[in-house]
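*Asks:* Take this structure, written in structure tokens, and hold onto it; I'll ask about it next.
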Amino acid sequence: MSNKISLYIHIPFCKKKCLYCDFPSYGNMENSMNEYVKVLSEEIKSLEYNKFNTIFIGGGTPTFLLLKEWEVLKESLNYKLIKEPAEFTVEINPGTADKEKLLFLKNMGVNRLSIGLQAWQENLLKNLGRIHSKNEFLELYKNAREIGFDNINIDLMYGLPSQSFENWKETLKEVVLLEPEHISCYSLIIEENTPFYNMYNKGVIKIPSEEEERKMNEFTITYLKEKGYDRYEISNWAKKDKECKHNLVYWELENYIGCGSSAHSYINGSRFSNSDDIKEYMKNFFQLNKNEKYKNSIEADMEEFMFLGLRKIKGISIKKFNEKFKKSIFDIYGNVINKYVENGYLILNEDRIFLSEKGIEISNSIMCEFIIN
Ligand code: SF4
């Protein structure tokens, strides 16, 4: 097996649920945090690995945990004598981490922060149900820099209710002025089972038209390029050598292990996952550990290789596909590749296949054609 493996740790708690969010995270469950962290620490201690290429603590809002809970988490990582990974990221929300907590993370070995800002305008933050203001974000960012964090991502969203093109321009421009190393820009998707879904269907919120959203997307691409950010994935931009190593593990179908509720693992073609339900995870962890385990079929692995790999701007390596699956990519996907190369949605360049600009715009429908019947 590959000796490279990454670790994902899930903290499912948020101070309050954002109105658009369908992630496995929960508001108003602070009472369970202490017990959850104890179970999570046992899970970490039980891992058979102690060397990780990257570590990512995500959520939810990991920084919603109290310092004493972070101590427990740190202790479990120390117990494993985990060597310093190449990248150790923590997701962080403004309003949940003061200087003391940031310093604790720094001393724990965290070397990358991913801050959820989403929008620059107070009214838009409020519409989204975010718990923080722009000023709280600015304070967090300033503190993080002062403490010495030199690798920071800022998460942004466009296509938001009541968001104008000018709002989006302002958001991007103000964020770029702060010179973060990495910027993620996601277009809002109204997901079922979120308050936004009902609000949208009842006409309570109105989102920008497709045309407006396309304009925002085009501005993002041009502006970030002009400012020295390289688009390396459909929704992610980074300064030189600052791509998120952990996310590349997912997109390159490399091995990773997930701890905590709803965390998924992928090791040598086998997938495992823990229960989404926090209480069930805490109850069953000691007996069951991973509640689902299945081996991906070769076909499913090939599909994932294509879906995930094509999210990267440089796409997939033909050689890597052929070596991994011991089959020529053209025997499996020749028809679909040729079709999209001919009409300019895919580009075939020596060893690589990637989406063109217009291919990215319809990436979802192109990816569907990589499903093997
Ligand atoms: S903070 Fe993040 S995980 Fe929590 S509800 Fe908001 S979007 Fe979802």
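The values are calculated or read from the model by the stated rules, or taken from the named source; none is laboratory data. Keep in mind that what you see is a predicted model, and the values were worked out from it rather than measured. Because the Cβ atoms are built from the backbone with ideal geometry, glycine has one as well, and the counts that use them run over all protein chains shown. Only protein heavy atoms, including side chains, enter the accessible area calculation; ligands, DNA and RNA are left aside. Shrake-Rupley method; radii C 1.70, N 1.55, O 1.52, S 1.80 Å.
*Asks:* For segment 138-143, what does the Karplus curve 6.51 cos²θ - 1.76 cosθ + 1.60, with θ = phi - 60°, yield as ³J(HN,Hα) per residue in whole Hz, taken in order and with x for Gly and Pro?
*Replies:* Values, residue by residue: 4, 5, 4, 4, 4, 4 Hz.
*Asks:* Also: Loop only per DSSP, at most 14 neighbouring Cβ atoms within 10 Å: give me the chymotrypsin sites (Phe, Trp or Tyr not before Pro) in segment 140-175, ordered by residue number. List each step's numbers first, then the result.
*Replies:* On the way: sites: Tyr141, Phe149, Tyr158, Phe165, Trp168; in loops: Phe149.
In loop regions of segment 140-175 (DSSP not H, G, I, E or B), there are no sparsely surrounded chymotrypsin sites (Phe, Trp or Tyr not before Pro).
*Asks:* Out of the total accessible area of the chain (probe 1.4 Å, heavy atoms of protein only), what percent is carbon and sulfur?
*Replies:* On the way: 8580 of 17730 Å².
Roughly 48 percent, rounded to a whole number.
*Asks:* Could I ask something else about it? With respect to the cross-link table entries Lys4/Lys283; Lys173/Lys240; Lys134/Lys173; Lys4/Lys320, which display a Cα-Cα separation exceeding 22 Å? Don't skip to the answer; put the middle values down first.
*Replies:* Values: Lys4/Lys283 31 Å; Lys173/Lys240 19 Å; Lys134/Lys173 14 Å; Lys4/Lys320 16 Å.
Over 22 Å apart, Cα to Cα: Lys4/Lys283.
*Asks:* Before I look further, what does segment 260-373 give for accessible area per residue, probe 1.4 Å, in whole square angstrom? Spell out each step's value before the answer.
*Replies:* On the way: 6170 Å² over 114 residues.
With the other protein chains kept in place, segment 260-373 gives 54 Å² per residue.
*Asks:* What residue among Met367, Leu355, Ile332 has its Cα farthest toward the positive end of the dipole of segment 316-373, where the charges are +1 on Lys, Arg and -1 on Asp, Glu, each on the Cβ?
*Replies:* Ile332
*Asks:* Ordering Arg231, Arg214 by how much accessible area each has at a 1.4 Å probe, largest first, what is the list? The partial results should precede the final answer.
*Replies:* Numbers: Arg231 35, Arg214 90 Å².
Ranking Arg231, Arg214 by accessible area, largest first, yields Arg214, Arg231.
*Asks:* Return one whole number: the accessible area per residue of segment 128-192 in Å², for a 1.4 Å probe. Walk me through the numbers before you get to the answer.
*Replies:* On the way: 2530 Å² over 65 residues.
With all protein chains present, segment 128-192 gives 39 Å² per residue.
*Asks:* Which entries in the list Lys51/Lys312; Lys45/Lys83; Lys312/Lys358; Lys83/Lys279 go over 21 Å, if you measure between the two C-alpha atoms of each?
*Replies:* Working: Lys51/Lys312 26 Å; Lys45/Lys83 14 Å; Lys312/Lys358 15 Å; Lys83/Lys279 31 Å.
Lys51/Lys312; Lys83/Lys279, as the Cα separations exceed 21 Å there.
*Asks:* Can you list the cysteines of the chain that have no other Cys Cβ under 4.7 Å away?
*Replies:* By the Cβ distance rule, which asks for a partner under 4.7 Å, the isolated cysteines are Cys14, Cys185, Cys244, Cys259, Cys368.
*Asks:* Describe numerically, in nm with one decimal, the distance between label points set 7 Å from Cα along Cα→Cβ at Asn135 and at Glu174.
*Replies:* It is 1.3 nm.
*Asks:* Can you tell me what the convex hull of the Cα atoms of segment 6-250 projects to on average, as an area in nm²?
*Replies:* Values: hull surface 51.5 nm².
Answer in nm², one decimal: 12.9.
*Asks:* Here is a follow-up. Sticking with the crude label model, points 7 Å out along Cα→Cβ, report the distance from Lys239 to Lys339 in nm, one decimal please.
*Replies:* Placing both labels 7 Å beyond Cα along the Cβ direction yields 4.3 nm.
*Asks:* Using 1/(1 + (r/R0)^6) with R0 = 41 angstrom and r between the beta carbons of Glu226 and Lys319, what's the FRET efficiency to the nearest 0.05?
*Replies:* Details: r = 33 Å, r/R0 = 0.82.
With a Förster radius of 41 Å, E is 0.75.
*Asks:* Build a GNM of the chain with springs between Cα atoms under 10 Å: which of Glu122, Glu218, Glu303 gets the top mean-square fluctuation?
*Replies:* Glu218
*Asks:* Oh, and also: Within segment 1-64, list the GluC sites (Glu not before Pro) lying in a DSSP loop whose Cβ has at most 15 other Cβ atoms in a 10 Å radius. The partial results should precede the final answer.
*Replies:* Details: sites: Glu30, Glu35, Glu42, Glu43, Glu48; in loops: Glu48.
Loop-located and lightly packed - Glu48.
*Asks:* Can you give me the Cα centroid spacing of segment 219-283 and segment 141-212 in angstrom?
*Replies:* Their Cα centres are 18 Å away from one another.
*Asks:* Additional query: Relative to the present Cα-Cα distance, how much length would full extension add between Asp331 and Arg271 at 0.36 nm per residue of separation? Before the final figure, lay out the partial values.
*Replies:* Details: separation 60, 0.36 × 60 = 21.60 nm, distance 2.60 nm.
Gain in length upon complete extension: 19.0 nm.
*Asks:* Between Glu211 and Lys142, what length in nm is gained on full extension when 0.36 nm per residue of separation is reduced by their alpha carbon distance? Don't skip to the end; give the middle numbers.
*Replies:* Details: separation 69, 0.36 × 69 = 24.84 nm, distance 3.58 nm.
My answer for the length gained is 21.3 nm.
*Asks:* What pairs in Lys215/Lys314; Lys15/Lys106; Lys206/Lys239 have C-alpha atoms more than 25 Å from each other?
*Replies:* Numbers: Lys215/Lys314 23 Å; Lys15/Lys106 23 Å; Lys206/Lys239 34 Å.
Those over the limit are Lys206/Lys239.
*Asks:* Same structure again: Top mean-square fluctuation among Asn78, Asn349, Asn93, Gaussian network model of the chain, C-alpha springs under 10 Å?
*Replies:* Largest GNM mean-square fluctuation: Asn349.
*Asks:* With r defined as the distance between the Cβ atoms of Ser46 and Asp98 and R0 fixed at 41 Å, what FRET efficiency is calculated, to the nearest 0.05? Display every interim value, and only then the final one.
*Replies:* Values: r = 32 Å, r/R0 = 0.78.
With a Förster radius of 41 Å, E is 0.80.
*Asks:* Find, among the trypsin sites (Lys or Arg not before Pro) in segment 236-282, those assigned to loop by DSSP (not H, G, I, E, B) with at most 14 other beta-carbon atoms within 10 angstrom.
*Replies:* When the trypsin sites (Lys or Arg not before Pro) of segment 236-282 are filtered for loop state and at most 14 Cβ neighbours within 10 Å, Lys240 remain.
*Asks:* Please find, in a Gaussian network model of the chain (springs between Cα atoms separated by less than 10 Å), the residue of Glu350, Glu213, Glu69 whose mean-square fluctuation is greatest.
*Replies:* Glu350
*Asks:* Which value, in debye to the nearest 20, gives the size of the charge dipole of the chain about its Cα centre, when Lys and Arg are +1 and Asp and Glu are -1 at the Cβ? Please report the intermediate quantities before stating the final value.
*Replies:* Values: 50 positive and 55 negative charges, 118 e Å.
Using Cβ point charges on Lys, Arg, Asp and Glu, the chain gives about 560 debye.
*Asks:* Can you compute the equivalent ellipsoid semi-axes for segment 316-373, i.e. the square root of 5 times each eigenvalue of the Cα gyration tensor, sorted largest first and rounded to whole Å?
*Replies:* Numbers: eigenvalues 71, 34, 19 Å².
Semi-axis lengths for segment 316-373 are 19, 13, 10 Å.
*Asks:* I need the calculated FRET efficiency for the pair Lys68 and Ser365, taking r as the beta carbon distance and R₀ as 51 Å, to the nearest 0.05. Walk me through the numbers before you get to the answer.
*Replies:* Details: r = 49 Å, r/R0 = 0.96.
Efficiency, rounded to the nearest 0.05: 0.55.
*Asks:* To the nearest 10 square angstrom, how much accessible area does Glu304 have with a 1.4 angstrom probe?
*Replies:* 40 Å²
*Asks:* Okay, moving on. About the Cα centre of segment 214-356, what is the dipole size in debye to 20, counting +1 per Lys and Arg Cβ and -1 per Asp and Glu Cβ, all else neutral?
*Replies:* On the way: 25 positive and 21 negative charges, 67 e Å.
In debye, rounded to 20, segment 214-356 gives about 320.
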